[in-house]
1. Using only Cα atoms, what is the ratio of the radius of gyration of region 281-370 to 2.2 N^0.38 Å?
2. Among the listed pairs 65/124; 73/170; 80/432; 326/388, which have their C-alpha atoms separated by more than 30 angstrom in this model?
3. How many angstrom lie between the Cα centre of region 336-402 and the Cα centre of region 291-323?
4. Quick check for me: using +1 on Lys/Arg Cβ and -1 on Asp/Glu Cβ, what's the dipole size of region 61-210 about its Cα centre, in debye to the nearest 20?
5. Considering the dipole of the chain built from charges on the beta carbon (Lys and Arg +1, Asp and Glu -1) around the Cα centre, which of 148, 265, 165 is farthest to its positive end?
6. Compute the orientation-averaged projected area for region 297-342 from the convex hull of its Cα atoms and round it to one decimal in nm².
7. For region 459-496 and region 35-110, compute the distance between their C-alpha centroids and round to whole Å.
8. Apply the Kirkwood formula to region 384-442: the hydrodynamic radius equals the inverse of the mean of 1/r over all pairs of different alpha-carbon atoms; give it in Å with one decimal.
Amino acid sequence: MVNNTASAAESWTPARPDAAGPREVTPVKLTFDKPSPPTKGLVAALVTEDGKFGPALAGLDAEAKGAIRAAMKTAKFTGKPGSALDLVAPRGLSLDRLVLVAAGKIATGAEQDWVRLGGAVQSKLASLGEAATLLLDLEGHAPSPAQAADVGLGVRLACYGFDRYKTKKKPEDAGDRLGKLSIQVEGHTAARRAFARREAIADGVDLARDLVNTAPNDLGPPEFARRCEELKTLGVEVEVLDEAAMRKLGMRALLGVGQGSVRGSRLVVMRWKGAGGQPLAFVGKGVTFDTGGISIKPAQNMEDMKGDMAGAACVTGLMHALAARKARVDAVGIVGLVENMPDGNAQRPGDVVTSMSGQTIEIINTDAEGRLVLADALWYCQNRFKPKFMIDLATLTGAIMVALGTENAGLFANDDALAEELAGAGKATGEKVWRMPLSSDYDKMMDSTVADMKNSGGRYAGAITAAQFLQRFVNDVPWAHLDIAGTGMAAKATDLNKSWGPGFGVRLLDRLVADHYEA
Ligand code: BES
Ligand code: MN
Ligand code: ZN
């Protein structure tokens, strides 16, 4: 029995009666203000290498007759990167609290260092108060408006918390205890302007995080599709294809995966038209829960498979970001949404399905489902939109985690220029990608005796054979595949992200678009 309604509380139990609603946490209120010596409240200031003070902090120290320097000496605080010194009721000043945050060699740093600095400042301040002021100046270097805005982005990213299911809300769960931050910086008006686009990007990242973090009983394919439809308010065109529509198109590879679930499968097409011309295309794997199907996964950590839609979440967050910052680009985002469940009607190992491309696939392992979803989504995307390029994101294989761990996403590409651009965007944003090989030599591992191919090439080179499988559904369009199994979910906490779902890929792809494809 397939339930195709968006909210079907009758057939299962949602985590909350209101199921997958929008985010409730109000993000930190960030302002960029003209520098003026602070006289009260919670204040943060930066100390660079060898304990150097910028003019504002030097001014405070003079006012305090050297008490700040003295405190640093007593505490043996030298400004070592990652450290901070918290001065409660600093002597000689009327401030409640002064937090000195070590900024290392930031003045010579790359863009990403400024973002990280913002995250570090937020992490030091978050538990200390509701409102704070950051004196953003340094010895020998006045931060540019872009650098100030990058600090703001870091603060915003670090403020995210997911406490949707906590009935006793604790500030540390919300991450947003810091409700207000005034960043005092020279050129504050320009900084404020530069921050606007970064705020749009942060909103996209937060959306992707929310989707990944949401419990899988609250977020099946219909609910995910509804979240996509919310992007209409930003001017994104959204089409939702249900199972009947996909059957008509012949998307049997995708439909086979969802056929054991009571939740209907969906394919969502999102379009942002910020310019004319050939669109850029982004395609996401959206397995809202991956049990493995009949080839069922072991119980240990299976709950993590709620994050098997991180690729789709990234595409949705990216479309949000592009629309919210009115990117001058034409982009299409496609997400293939299914739930992979064992059931009397589930797909079996041994089944053969015909994909939309006409190629037949023998199902060897129902747990190799992501490639089946993407096979039809990619085929549909390239044929309908004739895109300038096509990039897919998927939590596709455990094998990519064996190869690259959680530091780099696996990058596979049939086009060197696109691969280079992605690698550059990865360096700029810190969302790193590492190129892996594609080669027809791997194809024979997927030869099937009964069909055109098998859906699994076995354990060896698992991430590569998966990519090689996808390539069979890509014609001559520049294409890149990002295997984000290690980077898109179950993230370890950093200064920029404390959330299980990190929203990986939104900043990476927004950057790719901004640097190379905007009119
Ligand atoms: N969603 C999983 C891959 C995955 C594993 C993502 C761990 C994140 C963390 C995918 O659908 C899968 O099960 N892949 C199999 C493929 C195999 C059966 C050929 C895998 O990697 O074991
Ligand atoms: Mn699987
Ligand atoms: Zn999967």
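1. Numbers: Rg = 16.0 Å, N = 90, 2.2 N^0.38 = 12.2 Å.
In units of the 2.2 N^0.38 Å rule of thumb, it is 1.32.
2. Numbers: 65/124 26 Å; 73/170 35 Å; 80/432 26 Å; 326/388 19 Å.
Result: 73/170 exceed 30 Å.
3. Taking the Cα centre of each part, region 336-402 and region 291-323 sit 14 Å apart.
4. Numbers: 23 positive and 19 negative charges, 83 e Å.
Charge dipole of region 61-210: 400 debye, to the nearest 20.
5. Most positive-ward Cα: 148.
6. Numbers: hull surface 16.1 nm².
The number I arrive at for region 297-342 is 4.0 nm².
7. 44
8. Values: mean 1/r = 0.0787 Å⁻¹.
One decimal place: 12.7 Å for the Kirkwood radius.
The values are calculated or read from the model by the stated rules, or taken from the named source; none is laboratory data. Not measured: the values here are computed from a predicted model. Here Cβ is always computed from backbone atoms with ideal geometry, including for glycine, and neighbour counts include all displayed protein chains. Just the protein is used for accessible areas: all its heavy atoms, side chains included, with ligands, DNA and RNA removed. Shrake-Rupley method; radii C 1.70, N 1.55, O 1.52, S 1.80 Å.
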